[in-house]
Amino acid sequence: MRVVVLVLLAVAVLVLLGGCVAPPEKPVKDSKLEKHPYPAGNIEMNEWKAEHGEYVEENEETALQACKNCHPQPENFCNKCHAYVGGAPEIRY
Ligand code: HEC
Ligand code: HEC
């Protein structure tokens with residue numbers, strides 16, 4: 001009897017602990033804008049989301065400076081999303 005109670009207790013504790021593990025934080029609110037204002041002012045947001053990494057790589061001298069103007073905190077924007085999706089670099093500027 002005692003063993004059964006202990007097992008039940010252990011299960012209950014595990015279930016409670018499991019409930020406390022936070023789901024992965026959604027990184028940034030998905031933008032509702034249709035166009036991203038940089039670099040051209042008319043780039044489709046979906047395209048930009050897919051291709052900004054390549055753009056940054058190809059224009060490393062200038063691109064990050066520009067990102068910084070509108071996204072001043074990479075730790076609260078770029079890196080939140082990068083950590084969430086995985087495989088994307090940690091950005092510093
Ligand atoms: C002129 C200002 C401006 C510049 C410069 C800029 N952005 Fe943005 N960016 C925005 C705005 C505004 C949004 C939409 C934010 C929203 O809707 O909350 C956005 C959204 C994004 C998103 C989509 C986020 C999401 O969750 O939907 C990504 C990715 C992004 N920017 C990356 C970059 C990168 C990388 C750079 C630099 C190469 C950059 N941005 C430069 C203004 C800018
Ligand atoms: C909404 C999610 C999201 C946000 C916000 C975001 N990124 Fe990314 N980024 C990604 C994803 C997904 C990838 C990986 C896919 C790819 O290679 O394009 C990526 C890849 C990259 C890469 C690597 C490209 C390569 O070829 O290795 C760079 C550089 C980059 N992002 C820069 C930035 C910068 C700078 C910001 C902030 C201004 C930013 N990203 C914000 C989702 C995001």
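For the pair residue 92 and residue 45 in one chain, pulling the backbone fully straight at 0.36 nm per residue adds 14.7 nm over the alpha carbon distance. Using the Cβ-Cβ distance between residue 83 and residue 31 with R0 set to 25 Å, the FRET efficiency from 1/(1 + (r/R0)^6) comes to roughly 0.85.
Taking amide H atoms as placed 1.01 Å from N in the peptide plane, the amide H of residue 43 lies under 5 Å from those of 36, each 5 or more residues away in sequence or on another chain.
Stretch residue 55-residue 70 to full length: gain in nm at 0.36 nm per residue minus the Cα-Cα span? The partial results should precede the final answer.
Details: separation 15, 0.36 × 15 = 5.40 nm, distance 1.62 nm.
Here the answer is 3.8 nm.
Each reported figure results from applying straightforward, stated rules to the coordinates on display, with no laboratory input. For clarity, every value in this text was computed on a predicted model and none was experimentally measured. Virtual Cβ from ideal backbone geometry, glycine too; neighbours counted across all protein chains shown.
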